[in-house]
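S.K.: Sharing a structure here in C-alpha cells format.
The values are calculated or read from the model by the stated rules, or taken from the named source; none is laboratory data. Keep in mind the model is a prediction, meaning the values are calculated, not measured. FYI the Cβ positions are ideal-geometry reconstructions off the backbone, even for glycines, and counts take in every protein chain you see.
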Amino acid sequence: MRNLLPVLTVVAAIIALWYGAAIMLNSTWAQDKATRAGTTLSMTELITDTWSQKKPKLPVPHQVAAEIWQTTVEKKITSKRSLIYHAGITFSSTMLGFVMGTALGIALAIGIVFNRTMDMSVMPWVIASQTIPILAIAPMIIVVLNAVGISGLLPKAMISMYLSFFPVVVGMVKGLRSPSHMQLDQMRTWHASASQTFWRLRLPSSMPYLFTSLKVAMAASLVGAIVGELPTGAVAGLGARLLAGSYYGQTIQIWSALVMAAALAAGLVSIIGLVQRLTLKRMGMA
Amino acid sequence: MGVIRSRFFAIVAAGLIGFAILFFMTRSNPAGGLRWLQAMAVILIWLVCWATNAKLANLKLSSQNAQKARKFLVALFFGLTVLLLWEITVRVFGISKVLLPAPSAIASTFAASTDILWVDFVQTVLKGALSGYVLGCGSAFLIAVIIDRFPFLQRGLLPVGNFVAALPIIGMAPILVMWFGFDWQSKAAVVVVMVFFPMLVNTVQGLQDTDAMQRDLMRTYAAGYWKTLLKLRLPAAMPFIFNGLKIATTLALIGAIVAEFFGSPIRGMGFRISTSVGQLAMDLVWAEIVVAAIVGSAFYGGVALLEKTMTFWHPSQRRRT
C-alpha cells in the first residue's frame, strides 16, 4: 500500500500528459476548421474543440470512457456493436489457445526432463523457435487452415498456442529440475519409482515456476488472438475492431478496443495471480 | 561389440527398406494407392532417424570437446530429420503447394527472389526494426537511470511499467501508423513502444542488484554517485540489461512486421506476407518467413554474443565444471 501514492501520482501525470498531447495533436484540425469558417479561436474554444472532435488524432480519456460506456452498458451483448461481444470472441480463442499451449508446454517439458534424447534435440529448437517472429505467419496460418475447411476459433487459437507454449516449456523444465540432489536422493532411499518421484516431488516443487510462466503465457496468448483476428477480414473480435477502426479513421473506436484488450489482459493475469496465491498457500509454499 | 554392430545394421536396413518402399511405390503408382503402406514407410524412416539420434545422445564420451560437438550434432540431426520428413511427406502424399510447400520448393523460391527479399529486408529490418530498437532501448535505459535516482518515481513507475509490459501493446500499431504515416517511421515508432517497457523494467531491476556491503565499500573509497554508478552499479546491472535487450530483439521484429499489416508502402516483409497470402503464393510467404527466422536468430545470437564478451566475469557466464 505504500506504493499507492507514487503510483497514483504517476497515473495522474500520464492522464495530464494525455490531455496536453491531445490539445497539441488535434489543434491543427481545429484551426483548419476555424480558418475555413472565417473565425479565430480563443484559447478555451480551442481546448474544448480539441477535446471533443469526432475523429481526433488522439481522443482524450473521457471520450474513450464515454465510447466504452456506450458500447458495453448501453448495447445488448448480442449486438455486433457491443464491445463485450467482441471481447468475448477474443477471450474464447485466447482461452482455447492458452489451454492448448499450456498442455503442449507441460507435455514437452516432461518429455525433456525424462528423456535425454529429447532434451538434446528438442530444447535447442524450442528456444530457436522463439527468435522467429512467429506473428508474421499469423495471416498464413489463418488462410491455410481456412483452405482446409478449418475456420472460426481454432486457427486463432493455434497462433495463441504457439505463442504461449514457450514460456510454459522453459518454466516447467526449470521447475521440474528444481528439486535438489538431496531431495532426489531422499526419494531414492525411500525406493520411490520414477512416477512417484514425479508426482510427489518434481511436480509439486515446479508449481511456483508454472504459475509465473502461466502469467506470461496468458499475456502472449491474448496478443496472439488479437493479431490472429487481423487477417480474417475484420469480422469480429477486438483485433477486428482495431483493423476496422484504422480503415475508417475511427480513432475513438481503436482506443476503446485497446482499453478493452488491456482490461482483459489485466483481468486474466490477475486471476492467475489469485489462483497462484491460493494454491501456493494451501501447499504451504507461500 | 557384436551386439552393437548388429543393431546398427538393423537400423540401417530398416531405413533402407523404408526408402525402398517409398521409391517403388511412387514410381509404380504416383497417384497413391496403398496410402497406409506409404504412411508406414514414413513412420519407419522417422523411427530410424530417432533411434540414430538417441544412440548418439546416449553415447558415452570422455572428452569435453566431443561432448560439446555431440550436443550440436544431436540438435542439428533433429532439425534435418524434421526437414527430411517434411519433404518426403509433401512429395509422397502430394500435398498441395498452397497448403504446405516442400522445403526444396521454398529454397528455390528463396534463391529466385533474392532481390525482392533484400528490398523487404532493408525496409522492415534495417529501417523499421533496427532504428526503433536502438531508439527504444536507448531511451528506456536513460530513463531507467533517471528513475533509479528518485525512489518516489521508482515506486510509482515500476508497478505501472510492469502492468504496461503485460498489455497487448501491439494494438497501438494502427494508431501509430495513423500518426507517423505509412513509411518506416511508423514501424520504428511501434518498435519503440514495444521494446520500451521490458527494457525499462529490466534495467531498473538491474540497477538495484547491488547489496549494501558493495555500496558501502564504494563509500569507503569516497566514490560519489556517478563513480558508483559507473564502476559498480552499471556493471552489476549488465546481465539484466542484456536480458532486456534479448527480449527486445524478438519484439522489435514482431512489431515491425505486424505494423505493416496496418498499412505500408509497397515493400516490406509484413506487406509481402499479407499480399502474398492473398495471392496464395505461399512459397514466397515461406521464403519471407525463412528470412525472418534467420534475421531473428542472428539478431538474438548477436546480442547474446555481445553479452558473453561483455559480462564474461559474471557467474552466469562462467564455464560449468
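S.K.: Among the listed residues A:SER42, A:SER93, A:SER79, A:SER121, identify the single one that is small (Gly, Ala, Ser) and touching a Lys or Arg at 6+ places or on another chain (Cβ under 6 Å).
M.R.: A:SER93
S.K.: Moving on to the next point. Could you identify the single residue in B:PHE182, B:PHE163, B:PHE152, B:PHE141 that is in contact with a Ser or Thr (Cβ under 6 Å, 6 or more places away or on another chain) and either free of Cβ contacts under 8 Å to residues at least 60 places away in the same chain or not in a helix (DSSP H, G or I) (or both)?
M.R.: B:PHE182
S.K.: Further question on the same structure: Quick check on the stretch A:33-52. Is at least one of its residues at pLDDT 80 or above, in a helix (DSSP H, G or I) and within 30 Å of A:ALA220 (Cα to Cα)?
M.R.: no
S.K.: Residues of the stretch A:147-157 being closer than 21 Å to A:HIS86 by Cα and either small (Gly, Ala, Ser) or within 14 Å of chain B (Cβ to nearest Cβ) (or both), which ones?
M.R.: A:ILE150, A:SER151, A:GLY152, A:PRO155, A:LYS156, A:ALA157
S.K.: Quick one: in the stretch A:1-20, of everything that is among the β-branched types (Val, Ile, Thr) and within 11 Å of another protein chain (Cβ to nearest Cβ), which residue is farthest from A:LYS57 (Cα to Cα)?
M.R.: My answer is A:VAL7.
S.K.: Related question: Taking the stated definitions as given, is A:LEU242 more than 7 Å from every other protein chain (Cβ to nearest Cβ) and part of a helix (DSSP H, G or I)?
M.R.: No, not satisfied.
S.K.: Give the residue, chosen from A:THR71, A:THR117, that is surrounded by 15 or more Cβ atoms within 10 Å (Cβ to Cβ), in contact (Cβ under 8 Å) with a residue 40 or more places away in the chain and touching a helix residue (DSSP H, G or I) at 6+ places or on another chain (Cβ under 6 Å).
M.R.: Going through A:THR71, A:THR117 in turn, the sole match is A:THR71.
S.K.: Being under 26 Å from the mean Cα position of the chain (by Cα) and either over 30 Å from B:LEU153 (Cβ atoms) or aliphatic (A, V, I, L, M) (or both) is true for just one of A:LEU25, A:LEU96, A:LEU5. Which residue is that?
M.R.: Going through A:LEU25, A:LEU96, A:LEU5 in turn, just one is under 26 Å from the mean Cα position of the chain (by Cα) and either over 30 Å from B:LEU153 (Cβ atoms) or aliphatic (A, V, I, L, M) (or both): A:LEU96.
S.K.: Which pairs turn up if I take residues in the stretch A:241-268 that are within 13 Å of B:ALA173 (Cα to Cα) and look for partners that are polar (S, T, N, Q) and buried (at least 22 other Cβ atoms within 10 Å of the Cβ) with beta carbon separation below 6 Å, at least 6 apart in sequence or on another chain?
M.R.: Cβ pairs passing all conditions: A:GLY245/A:GLN253.
S.K.: Quick test for you: out of B:ARG35, B:ARG27, B:ARG7, pick the one residue that is more than 31 Å from the chain's Cα centre (by Cα), modelled with pLDDT under 75, among the basic types (Lys, Arg) and closer than 26 Å to A:MET118 by Cβ.
M.R.: The unique qualifying residue is B:ARG7.
S.K.: Is it the case, given these coordinates, that B:GLN205 is surrounded by fewer than 21 Cβ atoms within 10 Å (Cβ to Cβ), away from every other protein chain (no Cβ under 14 Å), at pLDDT below 90 and within 28 Å of A:ASN3 (Cβ to Cβ)?
M.R.: Taking the combined requirement at face value, the residue satisfies it.
S.K.: In addition: How many of the residues in the stretch A:74-94 are in a helix (DSSP H, G or I) and in contact (Cβ under 8 Å) with a residue 40 or more places away in the chain?
M.R.: The total comes to 10.
S.K.: Out of the stretch A:113-153, which residues are part of a helix (DSSP H, G or I), among the polar types (S, T, N, Q) and either closer than 22 Å to B:LEU73 by Cβ or under 20 Å from the mean Cα position of the chain (by Cα) (or both)?
M.R.: The answer is A:THR117, A:SER121, A:SER129, A:GLN130, A:THR131.
Residue-by-condition table, conditions (1) within 14 Å of another protein chain (Cβ to nearest Cβ); (2) under 24 Å from A:ALA266 (Cα atoms):
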{"residue": "A:ALA22", "(1), (2)": "yes, no"}
{"residue": "A:ALA30", "(1), (2)": "no, no"}
{"residue": "A:ARG36", "(1), (2)": "no, no"}
{"residue": "A:SER42", "(1), (2)": "no, no"}
{"residue": "A:SER93", "(1), (2)": "yes, yes"}
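S.K.: What number of residues within the stretch B:47-64 satisfy the criterion of being outside any loop (DSSP other than H, G, I, E, B) and either within 13 Å of chain A (Cβ to nearest Cβ) or in contact with a strand residue (DSSP E or B) (Cβ under 7 Å, 6 or more places away or on another chain) (or both)?
M.R.: Number satisfying all stated conditions: 11.
S.K.: Now a separate question. Return a yes/no flag: does the stretch B:95-107 have any residue that is at pLDDT below 90, within 14 Å of another protein chain (Cβ to nearest Cβ) and part of a helix (DSSP H, G or I).
M.R.: Taking every residue of the stretch B:95-107 in turn, at least one turns out to be at pLDDT below 90, within 14 Å of another protein chain (Cβ to nearest Cβ) and part of a helix (DSSP H, G or I).
S.K.: Sticking with this one: Just to be sure, is B:THR250 closer than 27 Å to B:LEU126 by Cβ, touching a residue at least 24 places away in the same chain (Cβ under 8 Å) and of a type in the set (S, T, N, Q)?
M.R.: yes
S.K.: Which residue is surrounded by the most Cβ atoms within 10 Å (Cβ to Cβ), if the candidates are limited to the stretch B:153-174 and must be touching a Phe, Trp or Tyr at 6+ places or on another chain (Cβ under 7 Å) and more than 7 Å from chain A (Cβ to nearest Cβ)?
M.R.: Looking at residues that are touching a Phe, Trp or Tyr at 6+ places or on another chain (Cβ under 7 Å) and more than 7 Å from chain A (Cβ to nearest Cβ), I get B:ALA173.
Every residue, every condition in (1) crowded, with 24+ Cβ neighbours inside 10 Å; (2) within 14 Å of chain B (Cβ to nearest Cβ); (3) under 17 Å from A:LEU135 (Cβ atoms); (4) touching a helix residue (DSSP H, G or I) at 6+ places or on another chain (Cβ under 9 Å), yes or no:
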site: A:VAL169; (1), (2), (3), (4): yes, no, no, yes
site: A:GLN186; (1), (2), (3), (4): no, no, no, yes
site: A:ARG200; (1), (2), (3), (4): no, no, no, yes
site: A:GLY224; (1), (2), (3), (4): yes, yes, yes, yes
site: A:GLN250; (1), (2), (3), (4): no, yes, no, yes
site: A:TRP255; (1), (2), (3), (4): yes, yes, no, yes
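S.K.: Residue check: is B:LEU135 under 26 Å from the mean Cα position of the chain (by Cα), surrounded by fewer than 17 Cβ atoms within 10 Å (Cβ to Cβ) and either among the aromatic types (Phe, Trp, Tyr) or part of a helix (DSSP H, G or I) (or both)?
M.R.: yes
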